[in-house]
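Novice: Below are the structure tokens for one structure; questions will follow.
The values are calculated or read from the model by the stated rules, or taken from the named source; none is laboratory data. These figures come from a predicted structure and were not determined experimentally. Neighbour counts are summed over all protein chains in view; Cβ atoms, including those assigned to glycine, are modelled from backbone coordinates with ideal geometry.
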Amino acid sequence: MQILEKNYQVNSVRKAIEVGDNSIIALPTGGGKSICILKLCQAMSDKKVVISLRNAALVPQLLHTLTVNGLSVSVVKSGYKYVAGGDVTLVMEQSYSRRKYLNIECDVLLRDEYHVGCMGGVYITMREELSPDLIIGLTATPIDRLGVYIDKSMVLIEETTTKALIELGELAKPIYKVPSLSQEIDYSAVKMYRGDFSVSGLDLILLEHCTLVAQQTVDDALSQGRKVMLFANSIKHVEALSEAFILLGVKHERVHSKRSSDDNEESIRRYKSNEVRLIINMSMLTIGFDDPTTDCVVLARPTKILRLYLQIIGRCLRASKGKTDALILDLAQCISTHGFAEDYRDFTRKTAKSAAIMSERLSVTNIGQFVDGEFTFDESIERKVVKRKPSKPRKKSQPRLVVSKEVVDRTASKRAEALLRLNPRMEKLVSTIELVNSVYEQENASSKMLDEVGMVKLVALIGFAYSDSLVDSCTTLVEGLHAQNKSIRGLLLKISNLITAAARKELIS
């Protein structure tokens, strides 16, 4: 089988061999690390090469790549019979300590996904016992949880970037979408643990919004024919989202550590074979999962870890025949935290503070321009250079819920027919929302308005759980937000929370 290597792969391999020191080859997800490993093995055929892996799913993939290209491979992993004397020895790192008696010889150690556990005891022990003359790591993210370069003793080799591969057509072009509901959730009270949000703290918030997340995924991705990987926060979150999709009648698979290996493998098989177009997971598919036909990832959990974010969005960027783009659906404020796939990132930064500085990143103040619409990296750059009109100073006295008679008459005429179907309380709620919209429209504050699609979803949502007290509470909520000059765009999420609270109260009583 002939491998058509790319220039950046050839250059990466050449530099790693010529540098004369331990090194890390940084290649974006989908950049062909397996091909680099193959070429390294072929170029050092006179050396005893050991390849260390941490992800079991990578073993059969890499074994296939090596053997079909003429290399014999000795495999050290449970479930495989070890036959000494191969051109290359493929070692599952977690299996090594139980097989020290094999006395594996090693001149060169290659380690895939180098960022995972490279400072851990298992890898360090194996490295010391094998005592290689040369170590070459490969990863898409050569940084730790704080964004700092993972191993300062190793030379970084970076021959290409995600942006360059997208422009060459080697990776799919990302399309981004940030629904308004994601911007309304407040994570400020969630405690931090090891540099990221506490899992249990996030669950207290995220488990309340599973129905909305499921519906948004259907509306923006599945209904558009996309194949979706959804990344959740915890096993509880995976199961709760699964229940929400079941209620919507959406076939899907789920993967997590409390399911058996056979069940997980069957779920992955069904997803890869396109029997279902949605798979929900927590973290098991973040690294080493390869399905080029996936053209959407849904971020249903926030994270402060840049490395995790880049690994997740990379799952949908692999090129595939007939695949023109890939949707990154952000339901958790990740883009405003970490920026785009195309952003240039200096992986050699040596402190957490400097690692947080990103070139061309999408700032929090910029995200409001894109809410609820699909956009690209290039469009964001164009909008960032446009000079905005200076904002008018906010008046101390907030506007009252009053508009001109002409605007009221015009608004009333447009909704007269629709209101005939509503009872008086619902009519008051809809009228209040439209009056607030009219006020904000006159103030050129369209970002605070609830659009027509949002209004339809809102009425439908209230209809499912209708009560007079609920509608009165919703009307009071709208009036209160307007009195504080706040946006009503996120009403769907706020009213969903009202319904959830009311349902819980009813169950307790």
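Novice: Inspect segment 177-193 for any residue being under 19 Å from Ile328 (Cα atoms) and in contact with a Phe, Trp or Tyr (Cβ under 9 Å, 6 or more places away or on another chain) and give the result as yes or no.
Specialist: Scanning segment 177-193, I find at least one residue that is under 19 Å from Ile328 (Cα atoms) and in contact with a Phe, Trp or Tyr (Cβ under 9 Å, 6 or more places away or on another chain), so the answer is yes.
Novice: Tell me which of these Asn11 doesn't satisfy, since it passes every other one: (1) farther than 23 Å from Ile268 by Cβ; (2) under 25 Å from the mean Cα position of the chain (by Cα).
Specialist: Status for Asn11: all satisfied but (2).
Novice: Right, here's the next one. I'd like the full set of residues that are within 18 Å of Thr65 (Cβ to Cβ) and aliphatic (A, V, I, L, M), limited to segment 17-55.
Specialist: Step one: list which residues in segment 17-55 are within 18 Å of Thr65 (Cβ to Cβ), which gives 25, 27, 29-45, 49-55.
Within segment 17-55, Ile25, Leu27, Ile35, Ile37, Leu38, Leu40, Ala43, Met44, Val49, Val50, Ile51, Leu53 qualify.
Novice: Quick one: in segment 306-327, which of the residues that are buried (at least 23 other Cβ atoms within 10 Å of the Cβ) and of a type in the set (Val, Ile, Thr) is farthest from Leu168 (Cα to Cα)?
Specialist: Checking each candidate, the answer is Ile312.
Novice: Which one of the conditions (1) of a type in the set (D, E, K, R); (2) without any contact (Cβ under 8 Å) to a residue 24 or more places away in the chain; (3) under 12 Å from Arg111 (Cβ atoms) does Asp46 fail to meet, given that it meets all the rest?
Specialist: (3)
Novice: If Thr160 satisfies all but one of (1) in a loop (DSSP other than H, G, I, E, B); (2) surrounded by fewer than 19 Cβ atoms within 10 Å (Cβ to Cβ), what's the number of the condition it fails?
Specialist: Exception for Thr160: condition (2).
Novice: I need the full set of residues from segment 272-317 which are within 23 Å of Ser260 (Cβ to Cβ) and of a type in the set (Gly, Ala, Ser), in order please.
Specialist: Within segment 272-317, Ser273, Ser283, Gly288 meet the criteria.
Novice: Then there is this: It is to be established whether one or more residues within segment 19-27 are touching a strand residue (DSSP E or B) at 6+ places or on another chain (Cβ under 6 Å), assigned to a helix (DSSP H, G or I) and under 13 Å from Thr139 (Cα atoms).
Specialist: For segment 19-27, residues touching a strand residue (DSSP E or B) at 6+ places or on another chain (Cβ under 6 Å), assigned to a helix (DSSP H, G or I) and under 13 Å from Thr139 (Cα atoms): absent.
Novice: Are any of the residues in segment 1-11 outside any helix (DSSP H, G or I) and farther than 30 Å from Arg345 by Cα?
Specialist: So far as segment 1-11 goes, yes, one or more of its residues are outside any helix (DSSP H, G or I) and farther than 30 Å from Arg345 by Cα.
Novice: Please identify the pairs in which a residue from segment 272-287 that is outside any loop (DSSP other than H, G, I, E, B) has its Cβ atom under 6 Å from the Cβ atom of a residue that is surrounded by fewer than 17 Cβ atoms within 10 Å (Cβ to Cβ) and aromatic (Phe, Trp, Tyr), counting only partners at least 6 apart or on another chain.
Specialist: none
Novice: On to the next question. Please work out if Ser223 is in the same structural domain as Arg315 (by TED's automatic domain parsing) and either touching a Lys or Arg at 6+ places or on another chain (Cβ under 6 Å) or assigned to a helix (DSSP H, G or I) (or both).
Specialist: yes
Novice: While we're on this one: Quick check on segment 178-195. Is at least one of its residues within 30 Å of Ile381 (Cβ to Cβ), of a type in the set (A, V, I, L, M, F, W, C), touching a His at 6+ places or on another chain (Cβ under 9 Å) and at pLDDT below 95?
Specialist: Checked segment 178-195: at least one residue is within 30 Å of Ile381 (Cβ to Cβ), of a type in the set (A, V, I, L, M, F, W, C), touching a His at 6+ places or on another chain (Cβ under 9 Å) and at pLDDT below 95.
Novice: Go through segment 167-196 and give me each residue that's free of Cβ contacts under 8 Å to residues at least 60 places away in the same chain and part of a helix (DSSP H, G or I).
Specialist: Glu167, Leu168 - these are the residues of segment 167-196 that are free of Cβ contacts under 8 Å to residues at least 60 places away in the same chain and part of a helix (DSSP H, G or I).
Novice: Could you list, in sequence order, the residues of segment 93-112 that are among the aliphatic types (A, V, I, L, M) and in contact (Cβ under 8 Å) with a residue 40 or more places away in the chain?
Specialist: Ile104, Val108, Leu109, Leu110
Novice: Shifting gears a bit: For segment 132-149, give me each residue that is touching a Cys at 6+ places or on another chain (Cβ under 7 Å) and on the phi > 0 side of the Ramachandran plot.
Specialist: Scanning segment 132-149 gives no hits.
Novice: If you don't mind, there's one more thing I want to ask. Identify the residue in segment 79-130 that is exposed (fewer than 15 other Cβ atoms within 10 Å of the Cβ) and either charged (D, E, K, R) or in a strand (DSSP E or B) (or both) and, among all such residues, is modelled with the lowest pLDDT.
Specialist: Ranking the qualifying residues of segment 79-130, first place goes to Lys100.
Novice: Condition check: in contact (Cβ under 8 Å) with a residue 60 or more places away in the chain, small (Gly, Ala, Ser) and closer than 30 Å to Ile150 by Cβ. Does Ala232 satisfy that?
Specialist: yes
Novice: State whether one or more residues within segment 208-216 are of a type in the set (A, V, I, L, M), in contact with a strand residue (DSSP E or B) (Cβ under 8 Å, 6 or more places away or on another chain) and crowded, with 22+ Cβ neighbours inside 10 Å. Walk me through how you get there before you give the answer.
Specialist: First pass over segment 208-216, keeping only residues of a type in the set (A, V, I, L, M): 212-214.
Those still in the list that are in contact with a strand residue (DSSP E or B) (Cβ under 8 Å, 6 or more places away or on another chain) too: 213.
Filter again for crowded, with 22+ Cβ neighbours inside 10 Å, leaving 213.
Yes: one or more hits.
Novice: For segment 474-509, name all the residues that are over 30 Å from the mean Cα position of the chain (by Cα) and farther than 21 Å from Val439 by Cβ. Break it down into steps so the answer makes sense when it comes.
Specialist: Taking segment 474-509 first, the residues over 30 Å from the mean Cα position of the chain (by Cα) are 474-485, 502-509.
Correct list: Ala502, Ala503, Arg504, Lys505, Glu506, Leu507, Ile508, Ser509.
Novice: Any idea how many residues of segment 60-90 are within 33 Å of the chain's Cα centre (by Cα) and under 13 Å from Ile37 (Cα atoms)?
Specialist: Total meeting the criteria: 7.
Novice: How many of the residues in segment 479-509 are among the aliphatic types (A, V, I, L, M) and more than 21 Å from Ser182 (Cβ to Cβ)?
Specialist: Total satisfying the criteria: 5.
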